[in-house]
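Notes for the one structure printed next.
The values are calculated or read from the model by the stated rules, or taken from the named source; none is laboratory data. Here the structure is a predicted model, which means the values were calculated and not measured. Neighbour counts are summed over all protein chains in view; Cβ atoms, including those assigned to glycine, are modelled from backbone coordinates with ideal geometry.
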Amino acid sequence: MSPPSAAPIWRNWHETVSQPIRRFEVGRNGDESQSTIAQYNATASRLRDLIREATDTGVSLRAVGGGWSFTRVAATDGILLDTQRLNYRFNLGPEALAPGYDASIRPVLLQCGISIADVNKYLARRGQALRTSGASNGQTIAGALGTGTHGGAIDVGAVQDYVVGIHIAATPDETLWLERSERRVLSDTALTALGARRINDDELFDAARVSFGSFGLVLGVVIEPDPLYFLHAFRDRVTLNPALWDAVQTMQFGGASLPGPAGRRPYHLELNHNPYESADAAMATVMLRESQKPPGAKAPKLDGGIGKGDSLLDAIGVVTDTWDGVTPFAALVFKAAYQAFPKAGFAGTPGEMFKDTSTRGRSASSAMGLPLEHAQAALQLAREAVLKHQAPALVAMRFVKAGRSTLGFTMHEPVTCILEVDGAHSDRTFAAQAQTWRVLEQKGIPYTFHWGKMNDLDAVRVRARWGTARVQQWVAARQRILPTDAARRVFANAFTLLLDL
């Protein structure tokens, strides 16, 4: 008799998770050449059969998209469903929209596995653009939604904040359509065509938007794009002086010296700090939103984005293969990715500016959301942690309008400061991240974690970070969507069990 074969192993993109699984399932549409509602529904039916199998056999079922999360948020020892080929997209005409909905917004229905890169291309052909996205665009729309991918738009919010409808398969017998209480998006005719039961409930909707696969299989979402616009990007070295920190804390930029035209409010602002340089120095990236392409601005580079390093994580990937020490690491990152831009800047559509669909190197990333008034202190504490452990890591900050999602980590009003400690995949990087978490807590600085990046969350900490009331509200919403213990076990994994969710 042949020995039993070893369990298949699933690894995430950044190689921070290695998980034995029972089975790896690749989701496919019956017709991959065109998007049709009939085939969308046929796929939904097959996925409900998968839920039935998982329910009957008592195994966990999780969906995974690009696999970019650094944590075990998507991992399971049961059935892992790859959704990346589930990439339909649908124009929603007036007949598909609810009475009273503003059809001039021109929302679109996106199947769960479509990548942000493909969404950008689809929308650009329609004269539209995403309001914000992560700095790279290889994530799937459902993965970016479920983990709270944030971008850096000061007055817009994160990815989940432009999702206005969610189609979920939570049980084998039906699918659900979630919307806000007072804002119907799809018409009854459209929901009949999808075979979905409508639920207009703010608490369920806000909980489901950032639910990291724990409410069921997300089949599709409706998003509200903006008319096509251009981002005009400027980058230069700045001094982290009192005027700049005052601008950060108030989000009023008249007194701050930032790259680009004086007096303009940034659409996107990022500060990148090298702890191995001066404590008051950073490279600032400012992006302005324009309705037309600015004359004289250079086009983005063709190798992805405006150059390697549109996000701190991508910048680090440029040099991990050649890193041979801490100071050379930091110097190489800034030389390769954080040079000042030409005076006229770079300009392109969001899809042109954020174009990388992969990252290089074994990286380690942690992102924390915190109130603006603690931004200066938090950057200094992260800097000290990197220096203490001589970590091959850098520190960055972005700023995102707070959202309503129950467990979204961009919850700090009115704008959340995102503190990132990113580096090479190294014990020293891990130690610097862990020290940052501990010291922020010791100093009484409130913060939340990006669900897809490294963290130290457990049942106690998740309630301390988000507040017991928010966590209880999220748990109650999950129990309403998945009303039995058996249903909840299907969409649980080691991560949610650790958090007692």
Self-check item: Count - residues of the range 96-122 that are more than 22 Å from Arg85 (Cα to Cα) and either surrounded by fewer than 21 Cβ atoms within 10 Å (Cβ to Cβ) or of a type in the set (Lys, Arg) (or both)
Solution: 9
Practice problem: Can you give me the number of residues within the range 237-264 that are touching a Phe, Trp or Tyr at 6+ places or on another chain (Cβ under 6 Å) and either in contact (Cβ under 8 Å) with a residue 24 or more places away in the chain or assigned to a loop (DSSP other than H, G, I, E, B) (or both)? | Solution: 2
Quiz item: Can Phe409 be described as part of a loop (DSSP other than H, G, I, E, B) and aromatic (Phe, Trp, Tyr)?
Solution: yes
Quiz prompt | Residue list for the range 471-486, restricted to those being closer than 25 Å to Asn200 by Cβ, of a type outside the set (S, T, N, Q) and surrounded by fewer than 20 Cβ atoms within 10 Å (Cβ to Cβ) | solution = Val475, Ala476, Arg480, Pro483
Quiz item: How many of the residues making up the range 102-120 are more than 17 Å from Val159 (Cβ to Cβ) and touching a helix residue (DSSP H, G or I) at 6+ places or on another chain (Cβ under 9 Å)?
Solution: 1
Exercise. Identify the residue in the range 1-35 that is of a type in the set (Ser, Thr, Tyr), modelled with pLDDT under 90 and over 21 Å from Met454 (Cβ atoms) and, among all such residues, is surrounded by the fewest Cβ atoms within 10 Å (Cβ to Cβ).
Key: Ser2
Practice problem: Answer yes if at least one residue in the range 196-211 is touching a Gly at 6+ places or on another chain (Cβ under 7 Å), within 25 Å of Val26 (Cβ to Cβ) and buried (at least 24 other Cβ atoms within 10 Å of the Cβ), and no otherwise. | Solution: yes
Quiz item: If Ala385 passes every condition in (1) surrounded by fewer than 23 Cβ atoms within 10 Å (Cβ to Cβ); (2) modelled with pLDDT of 95 or more but one, which one does it miss?
Solution: (1)
Quiz item: Among (1) out of contact with any Pro (no Cβ under 9 Å at 6 or more places or on another chain); (2) within 16 Å of Ile37 (Cα to Cα), which single condition is Ser187 missing?
Solution: (1)
Quiz item: Would a scan of the range 430-442 turn up a residue that is crowded, with 21+ Cβ neighbours inside 10 Å, hydrophobic (A, V, I, L, M, F, W, C), touching a helix residue (DSSP H, G or I) at 6+ places or on another chain (Cβ under 8 Å) and assigned to a loop (DSSP other than H, G, I, E, B)?
Solution: no
Quiz item: Out of (1) at pLDDT 95 or above; (2) loosely packed, with under 12 Cβ neighbours inside 10 Å, what's the single condition that is false for Arg46?
Solution: (2)
Quiz item: Can you find even one residue in the range 96-111 that is at pLDDT 90 or above, within 15 Å of the chain's Cα centre (by Cα) and outside the structural domain of Ser366 (by TED's automatic domain parsing)?
Solution: no
Quiz item: Does Thr239 meet the test of being out of contact with any Cys (no Cβ under 6 Å at 6 or more places or on another chain), at pLDDT 95 or above, loosely packed, with under 14 Cβ neighbours inside 10 Å and not assigned by TED's automatic domain parsing to the domain that holds Leu80?
Solution: yes
Quiz item: Restricting the search to the range 64-103, which residues are in contact (Cβ under 8 Å) with a residue 24 or more places away in the chain and outside any loop (DSSP other than H, G, I, E, B)?
Solution: Val64, Ile79, Leu80, Leu81, Asp82, Arg89, Phe90, Asn91, Glu95, Ala96, Leu97
